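Peer 1: Input: one structure, supplied below.
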Amino acid sequence: MVDETGAEAPDGGALARRIGPAQLMSFGIGATIGTGIFFVLSSAVPEAGPAVVVSFVLAAVTAGFTALCYAELASTIPVAGSSYSYAYATLGEVVAYVVGWCLVLEYAVSSAAVAVGWSEYLDELLDDTIGVRIPDALSAAPGAGGVVNLPAIVLVTLCALLLIRGASESARANAVMVVIKVLVLLFFSAIAFSAFTSDNYAPFAPLGVAGISAAASSIFFSFIGLDAVSTAGEEVRNPRRTLPVAIIGALLVVTTVYLLVAFSAVGAQPAAEFEGQEAGLAVILEDVTGSRWPAIVLAAGAVVSIFSVTLVTMYGQTRILFAMSRDGMIPSLFSRVDPRTLTPVRGTVAVALFVGVLAGFVPLDFLIDLTSMGTLVAFTVVSIGVVVLRRTQPDLPRGFRVPGYPVVPVLSVAFCLYLVYGLPGTTWALFGIWLAIAAVVYVTYARTHSTLRTPR
């Protein structure tokens, strides 16, 4: 079914190949760094204690196995749609449809979660610079003590406007923000290490293996950037070579920065102080230095760099919906490309509306765990897809092959399922409701509009 993935789209549905390797790697780094590290420690450290650094390693190892599987499929099937398109080509329409809905959940909720985190750092920046705080009613969701998170909605709107202008323009803006982001986090680590004390690492794992696993499950949403790289498969120059390099390169940079920040943060602040801490990294710097300027620098860097995360995850969402729409799984408005900008304008507007509602009215903790669920399910399917495609079409040209096959794909599946098991019951219930909605849409629309059943 590889030839049915829609790489060659009909008139009105073609994307332009304008993104180079450096820009694509920046996409991966931009979608990943910031999604978690700027604010996930406030929820992960209370679960794992100082052993949160082990949780990051566990999540990174799982992401590493999956990254190799992504690299093979991306170099074999270089089209828009990421895990959805890979599942469509290897496991069939029904599985691909389920994966597509998981990805819609993953990207929409991740975009909203990051927008909420951005709102926290914006509030911290305004307070540190001009002494003004946004009223709680306008900076938090109803379940978090407010009425609406207005800054989060503003961020989503700005990202949508930039995406409508074009993919290459978005990629250039993202590359600049990625450089700022990495420099700011290295700045944080340098100062935090100056206050490092080993006493903060005792007791190391107060909740044992269960706490480490639970934190790793929540943290995993921070690695969504690997999937975001592959959503650009149809807009990348020389994709069979560029995609694997960008995916693996982004993972190495991200993992290094995450471990530096997590290790230095826990060494600079007792684990008990992380819980409920908003704009946590900025607060740590202010406490360590006794001065406000380092916190201002970090908050300003976070405001700029977290923007890039929302930008890239919303980009990924529009491209997944583009691929699903082209296959008849959802209405055609998501695959209609503007003839001037060569971007799916209507689909981008629809995504912005959905993400804006989530960001404005849903608390952050629910968003984080739901993103992890969608990400882990998609990663599991990609790893299975590598095995299936090796068996069904072994002679397909592949720009990259998973080393240690079939051990690596099997380990990837095992690690993903282990982390899925560690997610809370509420997340499972919400995920079940989401899949029930997907089933209704499939029966009432997708099954009768699928391009596998109707002429292209």
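The values are calculated or read from the model by the stated rules, or taken from the named source; none is laboratory data. Note that the coordinates shown come from a computational prediction; the quantities given were computed from them, not determined experimentally. Methodologically, a virtual Cβ is constructed for each residue, glycine included, from the backbone with ideal geometry; neighbour enumeration extends over all protein chains shown.
Peer 1: Name the single residue that is surrounded by the most Cβ atoms within 10 Å (Cβ to Cβ) among those in region 43-91 being within 17 Å of Ala262 (Cβ to Cβ) and of a type in the set (Ser, Thr, Tyr).
Peer 2: Once the filter is applied, the top-ranked residue is Ser55.
Conditions tested, residue by residue: (1) in contact with an Asp or Glu (Cβ under 9 Å, 6 or more places away or on another chain); (2) closer than 25 Å to Gly301 by Cα; (3) among the aromatic types (Phe, Trp, Tyr).
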residue	(1), (2), (3)
Phe39	yes, yes, yes
Ala48	no, no, no
Val52	no, yes, no
Phe56	no, yes, yes
Ala60	no, yes, no
Gly64	no, no, no
Leu73	no, no, no
Ile77	no, no, no
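Peer 1: Just one of the numbered conditions (1) touching a Pro at 6+ places or on another chain (Cβ under 6 Å); (2) in a loop (DSSP other than H, G, I, E, B); (3) not β-branched (Val, Ile, Thr) is not true of Leu285; which one?
Peer 2: The number of the failed condition is (2).
Peer 1: From the list Ala51, Ala74, Ala87, which residue is under 29 Å from Ser119 (Cα atoms) and either assigned to a helix (DSSP H, G or I) or among the acidic types (Asp, Glu) (or both)?
Peer 2: On inspection, the qualifying residue turns out to be Ala51.
Peer 1: What helices (runs of 4 or more DSSP H) completely inside region 108-220 contain at least 2 residues that are buried (at least 24 other Cβ atoms within 10 Å of the Cβ) and either within 24 Å of the chain's Cα centre (by Cα) or at pLDDT below 85 (or both)?
Peer 2: Passing ranges, in order: 150-165, 167-194, 208-219.
Peer 1: Out of everything in region 307-364 that is among the basic types (Lys, Arg) and assigned to a loop (DSSP other than H, G, I, E, B), what residue ends up being nearest to the chain's Cα centre (by Cα)?
Peer 2: Per the criteria, the residue is Arg336.
Peer 1: I've got another one for you. Can you report the number of residues in region 329-343 which are surrounded by 14 or more Cβ atoms within 10 Å (Cβ to Cβ) and at pLDDT below 80?
Peer 2: Qualifying residue count, region 329-343: 4.
Peer 1: Give just the number: which of (1) at pLDDT below 85; (2) hydrophobic (A, V, I, L, M, F, W, C); (3) touching a Ser or Thr at 6+ places or on another chain (Cβ under 8 Å) does Val362 not satisfy?
Peer 2: Unmet for Val362, out of (1) at pLDDT below 85; (2) hydrophobic (A, V, I, L, M, F, W, C); (3) touching a Ser or Thr at 6+ places or on another chain (Cβ under 8 Å): (3).
Peer 1: For residues that are aliphatic (A, V, I, L, M) and surrounded by fewer than 20 Cβ atoms within 10 Å (Cβ to Cβ), scanning just region 258-287, find the one that is nearest to Ile130 (Cα to Cα).
Peer 2: Residue satisfying both the conditions and the ranking: Val283.
Peer 1: Out of the residues in region 405-423 that are of a type outside the set (Phe, Trp, Tyr) and without any contact (Cβ under 8 Å) to a residue 60 or more places away in the chain, state the one that is nearest to Phe379 (Cα to Cα).
Peer 2: Among those that are of a type outside the set (Phe, Trp, Tyr) and without any contact (Cβ under 8 Å) to a residue 60 or more places away in the chain, it is Val413.
Peer 1: Sort through Pro151, Pro135 and tell me the only one that's touching a Gly at 6+ places or on another chain (Cβ under 9 Å), without any contact (Cβ under 8 Å) to a residue 40 or more places away in the chain and within 20 Å of Ala300 (Cα to Cα).
Peer 2: Going through Pro151, Pro135 in turn, the sole match is Pro135.
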